[in-house]
Each structure stands twice: as structure tokens, then as C-alpha cells.
Amino acid sequence: MHKASHPLSLHVPEPGCRPGDKPDFSEFVIPKAGEARKPAHNATAQSMRDMAFSIVRVLNKEGEAVGPWAGDLAIDQLKSGLRHMMMLRAFDVRMLTAQRQGKTSFYMQSLGEEAVSCAFRMALKDGDMNFPTYRQSGLLIAGGYSMEIMMNQIYSNAADPIKGRQMPIMYSAKDHGFFSISGNLGTQYIQAVGWAMASAIAGDTKIASAWIGDGSTSTSDFHAALVFASTYHAPVVLNVVNNQWAISTFQGMARGDAATFAARGHGFGIPSLRVDGNDYLAVHAVAKWAADRARSGLGPTLIEHVTYRAGGHSTSDDPSSYRAKGESSAWPLGDPIERLKAHLITLDAWSTERHAQAETEVMDEVRTAQKAAEANGTLTSGKSPSSRDIFEEVYAEMPPHLIKQRQEAGY
Amino acid sequence: MRMTMIEAIRNAHDLAMGEDDKVVVFGEDVGFFGGVFRCTAGLQEKYGKNRCFDAPISELGIVGAAIGMAAYGLKPVVEIQFADYVYPAYDQIVSEAARLRHRSGGDFTCPLVIRMPAGGGIFGGQTHSQSPEALFTHVAGLKTVMPSNPRDAKGLLLAAIEDPDPVIFLEPKRLYNGPFDGHHDQPIVPWKKHELGEVGEEYYTTPLGKAEIVRTGMDVTILTYGTMVHVAQTAASEAGIDAEIIDLRTLVPLDNDTIEASVKKTGRCVIVHEATKTCGYGAELSALVQSSCFFYLEAPVTRVTGWDTPYPHAQEWDYFPGPARVAQNLKKVMEV
């Protein structure tokens, strides 16, 4: 037995590099594209344990789709996937600028993570329900939701469907399978499991999809969701978007030095795997596999999307104050748009010229939506929601004390 | 027929589940065993495991999952085994259930009932005795209910289940078997021998937001709810004071009209609750009464409550605002 001669010290994890350091991802093990096997839908968590430590990748360096997870998307689907991601990126550019111009209070972009939400959406069916965080706008864009309505929400203008009640990007779109975003992190994860349980109770065929970031896996909600999903075999896909950063804390703050986020599923007997989140084809294939499992009554799947938050957390932080310069371009999984573009070019279905043309088209479409939205007002000018709306819908029927307060407020 | 409060609550569940297959019931020990207080006994057998089932020990999980179910379109009725255990679910209740309708512009709603036995008098110490109603009445978007007898427990629970918004349903556990009046050294009359144990077998609702005057009087108005309704009645009778006693039944929305009319009539107001005093629901009642009845008041509005301490175990009856303490305050108010 050791003598208690050394005082104890607390281990506080730090990322490999901070501002002033040279970005270094050399310790990040990246399996070759096509290497990962594709288990049967009814595979047990135990039988595919290794997949929580590897990464499913389809697109190789040459832009070719390889391995057992390749081949489930036709060229037209790939083209529309590329368009969705480009649209989301253009949307983000315009809205980020709008925020800088003072047209709204806040914005959060999906830069670098576009494939995760855009590809995932295409594996779902109408009627399925996502319980998103603030970085899955691609679910709406890829689902064909109106960009103008999204902007109305961002501007909290007179046409905002949620009547100016929430900060920008806290969308709610039930008809498009998009649950109201909370802003309190993690809460939606267990709600998604409850929604999926309800679908099973009702004998429905719909599935739910839960979303959480690497940092928020620390919440009790995440743990509760895994317990409930595993206990009741809920038809839910549990997504962890590991974009490496939770504002200024790196993913190791939530994960420690242990295992992976996907491996969290093992303690619950939930089949768990990691996917290259910047590979549109891989995300789609894994999402489809997990959605099929849920829909067949095989229960939950945990997917860790390995990606990188190329932008700031929000418009309220400056990543250069906590991340090494150039870390984003050093990120070894590349850019999701560039990779899908390269793939389509290898298939002779796309070209650099066509891409440049598409960029213009997409930007025009976003501009048109923005113009239409701004005609309904912005946060700081033009038409606004009524202040009467503060008091509406707190309850289905306004109780006497709120009627009194509304009158007192002069509405 | 005569029912205990437990049987009345069970009966309400039974009728709601029979009426509407969207009603699902779950919580810790709720399914096979029928709940530690037996409020859900027999429901799993009758309606199947899909409609009434056990949950893992996670209040956050129970409420969070129920919110998802409500958003789907079911009507979950969940049990938190003791109100003292609800805190891990507080974020889900406050930030999620309470605000879902508002924050989504009515896109999603949360018709959800969260039942929980509350209050002391059972030697439950600090973790099985609390009355956390003020933590819920303070939250916009929630309704908070506390019945004081089997007849109301059934009607209010059915109204809560029908309600399109989240309802916190606090059950005074000391009243489960009879109208406990604070005389802990005396046997209680079981509900089966009490007229308020007479519960209609049919489906009926007792509207939320409506108080009941359980005793009319001229001297002083007592505003109270839950167990204290019975304590107040005994205290008034022992003090020989002609009190008008109002059982609020629903704390939010509050039946302010009934309160105002009564206090304007009596000119005095004593508020009685078991929960701690500071920022308790009595503080809200007191503020409302003084602003609406100021020129009618002949004495300061007085609160008789639990002390601002954790609920003790051995010293339970020195904490509990029993009939002697209530009577003493009634007399004091009458002397002004």
C-alpha cells in the first residue's frame, strides 16, 4: 500500500491547443472511408461495440463513395443534398450579417456542420418529430420549410409565428417535424424519448429524433433519456452532435478522457456508433439505418456525429479568444459542402462552374426570402408583434389575473 | 358511495382512462404495485401496461417524457411519489411544460397532470412532508390545485385531466384516509363515516379556479387549502369564533371574487397554510387582500404557517400549524 505522502490535485482537462498554439489533430484517429462494417438492423449493442470507437465514413479523399454504407442515394438526391447545405450556409451568411446590422439581437450559425442536419432530415419521413437544439436549422431547410418564415422568427417581426416571444432561431414548426426549441440545454432529449414512447403507446408508425451537443451530454436530461429509451425500447434516434466545442470548453470537459460520446450508450445496451459528420453520405446512411431500426420496433440507436463548429458558438462570442487560429482549417474531416461537391464531380454530375452558378442561385433565393421577411419588419424597425401577445397563450384560456394585468398594461 | 381520498383519486383515474384512451398514467411503483399510496391500484390490470406503467426512479425523466407525450397528443397523468422528490423535475416543469404553449405560439401544447402527495403529519421528516405549492404558483403557465376532501379530489382531478394546460395536483397525504384536523393525539374519523367521503360514482368535474366556502361566518375570513381546511374549522370552533372559512381548492387561477366578497363582509383575514411562511402562497393572498379590501380591514392580515425551517421529524407537532396556533391567531385578530 502506498503511503499517503503526496497531496492530491484536481485534474481539469484542457484542449490540445489554445490561442497562440499550432492546431494539432494528430492524435485524432480517423479510420479510412469504407472501412466500417454495416451491421444488421437487429444487431445488439454488444455485437457492434467497436463501432462506438470507430467512425463510419463513406467519402474518401478522392471524393469517391466506398464501403458498405455507400450507395443508398441517387444522384438527384445528392444534388438536392448539396443544395440544402449551400442554402443553409447562405442563409447563415445573410442572417449573421443581419444581426451585425442590428436587425436582430442574436444569431447562431451551422457553419461546418451542415451535413449533420441536412442529411439526417432526408432519412426521416413526414410526421416524424425532431427535438432539436439551436444548430439543426438544416432540418427545416432540407425539409422544405419556408426560409421567409424562419427569418420572420429571427426578426421577431409581425409575421413571426411565435409572436416575438423567443430569441432568434428558437423555431417551432410542428407540421415540419420540428419541436419548439427551448434554449435550456438538454431538456428536449428526454422529451423526444417521451414523444417516441407516445407513438408506441398509440400504435403509430412515427419515430422521434433527439438532438444534443457534446457539452450538454453532461446534463441529467441526457442520462434520463438514455434510461427511458433503453427501458421502454422507444422508437427514437438519439443524436449527439460532437462539434468539439461547447462555447469555450472543449469536448473533453463533458467526456473526460474516457471513451467516446457514442460509448455512453453501451451502459444502457443501446446500439451506438460514430459517424463522420462532415460526410453527407455517411450521415444519411447511418441515419437511415437508425431510423429503420426505430421504425421496425428495434428501439433506440445512439449516433455520435463527429464534426467541427467552424464558426463561433453564437454572435455573442469570439472564438479567437479561446481557440487556436487556423484550427477550423486544420480540422481533418474537411468541409461537408466541399466534400459532397467533390463527390458529385467524380460522378460527372457536377462541375466547378455549375457549383459557382448554384451559389449565385442559392444566394438569390435567400435574398428574396430576406426581402420578403423584412417587409414584415425586423426586431428594430417596421412592423412588430403586438404587445398584447405577451399575455396570450400563457394558458389556453386567459385567467382573470392575466386579463387584469393585460388591461393594466394598456392592451 | 363513500370513498377515501385515495379511492376517489383512483376512481378519477379509472373514469378518465375509460373515457379517453389518450390518458396514460405512469410513475414510480405506479403500475404493477399501484402506487405507494395505492392511488393507481388496479389500473394496469384493467387498462394494460401501455396505459399504466412503472417508471425508472427519475422525476426529471418522468416529467420530461410526459411533456414529450403531451406534445404528441396524449394526456399523461404522472405521479411524483412525494412532492419532496419533484425538484429534479423542476426545470422540465418550469422551463418546458409551463411555457411550451406560449413559446411555440400555440404550435405545441402540454396537457399534463403532475400529481404529488404533499404536506406533513406522518412523521416524514424533511423529505416526506413538504408543501412546495408556492414554487409552482410562482410560475406563469402552470395551474396549481390542492383538494381537501374525496369529493373535490375526484372532481378536481378530472377537471385537471380535461384541462389543456399543465396542472400541478397536490394531494394532502394526511387527508388520504380522513379529515385530519391537527389533533394528532385523537383518532380521526375515517372518510367512510364523513359526509365529504360521499363521492358520486359518475364522471363529474369540479371547476378549476373556484373556491368553496366551507363555513359561513361574520367575524373573520380564513383563507386556506388542503389539510388546513380541517384544522381551521376545528380551531374556529374551539376558539368560539364565527369564522368564514374558504377552501381555495385551486391556487392558480385563484377565485379572487369569493375572497374579496368574504373579506369585505368580515373585515378580517387570517391565512392558514402548512408551507413555510416567507414568500409562501399566503404572502400573495395577503397582498391581494390588502390591495382589494384595504378600506374594509379592521385588523392586519395575519398568516399562520409552518415555520421557516426544514420540516422536523421528532418535533413534527411543534412545526405543524395545529388548531391551538390557529385559534390563538384568530383570537389575536379579533382583539384588534
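Please treat every number below as a calculation from the coordinates, not as lab data. Treat the numbers as computed from the prediction; the structure is a model and nothing was measured. Neighbour counts are summed over all protein chains in view; Cβ atoms, including those assigned to glycine, are modelled from backbone coordinates with ideal geometry.
Considering all alpha-carbon pairs of region B:5-197, what whole percent are spaced by more than 25 angstrom?
31
Between A:K325 and A:E359, what's the calculated FRET efficiency when r is the beta-carbon distance and R0 is 30 Å? Round to 0.05.
About 0.70, to the nearest 0.05.
Within chain A, what is the longest stretch that has no trypsin sites (Lys or Arg not before Pro) placed in a DSSP loop and near at most 16 other beta-carbon atoms within 10 Å? Walk me through the numbers on the way to the answer.
On the way: sites that count: A:K3, A:K32, A:R37, A:K61, A:K125, A:K325, A:K383.
Free of exposed loop sites, the longest segment is A:126-324.
Could you name the aspartates and glutamates in cross-link range of A:K61, using Cα to Cα under 18 Å and dropping any fewer than eight places away on the same chain?
A:E35, A:D276, A:D279, A:D335, A:E338, A:D348
Does anyone have the angle between helix B:323-335 and the longest principal axis of chain B? Alpha-carbon axes, 0 to 90°, nearest 10?
Compared with the principal axis, the helix lies near 40 degrees.
What percentage of all Cα-Cα pairs in the protein assembly as shown are separated by more than 54 Å?
Roughly 19 percent, once rounded to a whole number.
Between the alpha-carbon centers of region A:145-170 and region B:20-71, tell me the distance in whole angstrom.
Between the Cα centres of region A:145-170 and region B:20-71 lies a distance of 37 Å.
Before anything else, pin down the relative contact order of region B:212-335: Cα pairs under 8 Å, at least 6 apart, normalised by residue count, whole percent.
Working: 229 pairs, mean separation 36.5, N = 124.
Relative contact order for region B:212-335 comes out at 29 percent.
Mean Kyte-Doolittle of at least -1.0 and a Cα length of 27 Å or more along the axis: which whole DSSP H helices of chain A meet both? Walk me through the numbers on the way to the answer.
Values: long enough: A:75-100 (38 Å, -0.12); A:352-374 (33 Å, -1.17).
In chain A, the long hydrophobic H runs are A:75-100.
If you fit an axis through the alpha-carbon atoms of helix B:59-72 and take the longest principal axis of the Cα set of chain B, what angle between them do you get, 0 to 90°, nearest 10?
Approximately 70 degrees, to the nearest 10.
In terms of modelled amide H atoms, which long-range or inter-chain residues lie less than 5 Å from the amide H of A:G382?
Distant-sequence amide H within range of A:G382: zero hits.
Relative contact order for region B:5-197: what is it in percent, counting Cα pairs under 8 Å that are at least 6 residues apart?
21
Dividing the convex hull volume of the Cα atoms of chain A by its residue count, what figure in Å³ per residue is obtained?
Values: hull volume 77.1 nm³, N = 411.
Spelled out: Cα convex hull of chain A, divided by residues, is 187 Å³.
If you plug each phi of region A:324-331 into the Karplus form 6.51 cos²θ - 1.76 cosθ + 1.60 with θ = phi - 60°, what whole-Hz ³J(HN,Hα) values come out, in order, with x for Gly and Pro?
So the J values, rounded to whole Hz, are 5, 4, x, 4, 4, 6, 7, 4.
Report, to the nearest 10°, how far helix B:150-162 tilts away from the longest principal axis of the Cα atoms in chain B, using its own Cα long axis and a range of 0 to 90°.
50
How about B:K192: which aspartates and glutamates have a C-alpha closer than 12 Å to its C-alpha, ignoring those fewer than 8 places off in the same chain?
Straight-line reach from B:K192, under 12 Å: B:E7.
Treating the beta-carbon of each Lys and Arg as +1 and of each Asp and Glu as -1, no other charges, what is the dipole magnitude of region A:85-222 about its Cα centre, to the nearest 20 debye?
Once rounded to the nearest 20, the dipole reads 340 debye.
Quick one, what does Rg over Rh come out to for region B:212-335 if you take C-alpha atoms and the Kirkwood Rh? Don't jump to the answer; show the numbers that get you there.
Numbers: Rg = 13.4 Å, Rh = 14.2 Å.
My calculation of the ratio gives 0.94.
Quote the relative contact order of chain A in percent (integer), defining contacts as alpha-carbon pairs under 8 Å separated by 6+ residues.
24
With respect to the cross-link table entries A:K32/A:K341; A:K174/A:K371; A:K383/B:K143; B:K193/B:K264; A:K163/B:K264; A:K174/B:K210, which display a Cα-Cα separation exceeding 30 Å? Walk me through the numbers before you get to the answer.
Values: A:K32/A:K341 20 Å; A:K174/A:K371 25 Å; A:K383/B:K143 34 Å; B:K193/B:K264 35 Å; A:K163/B:K264 41 Å; A:K174/B:K210 34 Å.
From the list (A:K32/A:K341; A:K174/A:K371; A:K383/B:K143; B:K193/B:K264; A:K163/B:K264; A:K174/B:K210), the Cα-Cα distance tops 30 Å for A:K383/B:K143; B:K193/B:K264; A:K163/B:K264; A:K174/B:K210.
Under 18 Å from the 7 Å Cα→Cβ point of A:T44, by amide nitrogen: which residues of region A:284-306?
Zone members listed by number: A:298-302.
Which one, B:H13, A:P19, A:A200, projects farthest toward the positive side of the charge dipole computed for the protein assembly as shown from Cβ point charges (K/R +1, D/E -1)?
Among B:H13, A:P19, A:A200, the one farthest towards the positive end of the dipole of the protein assembly as shown is A:P19.
How big is the Rg/Rh ratio for region A:1-100, C-alpha atoms only, Rh by Kirkwood, two decimals?
With Rg and the Kirkwood Rh in hand, the quotient comes to 1.16.
Using a Cα-Cα cut-off of under 16 Å, which aspartates and glutamates could be cross-linked to A:K103, ignoring same-chain neighbours fewer than 8 residues away?
Of all the aspartates and glutamates, those that pass the test against A:K103 - Cα under 16 Å, at least 8 places apart if same chain - are A:D92, A:E148, A:D160, A:E374.
Full extension from A:Q405 to A:K125: what is 0.36 nm times the residue separation minus their Cα-Cα distance, to one decimal in nm? Please list the in-between numbers first.
Details: separation 280, 0.36 × 280 = 100.80 nm, distance 4.37 nm.
96.4 nm is the gain from fully extending A:Q405 to A:K125.
Taking amide hydrogens as modeled 1.01 Å from N in the peptide plane, which residues meet the under 5 Å criterion relative to B:R2, leaving out close sequence neighbours?
B:V199
Compute the whole-percent fraction of alpha carbon pairs in chain B spaced more than 24 Å apart.
52
Taking θ = phi - 60°, what integer Hz values does the Karplus form 6.51 cos²θ - 1.76 cosθ + 1.60 yield along region A:63-69, in sequence order, with x for Gly and Pro?
x, 8, 8, 9, x, x, 8
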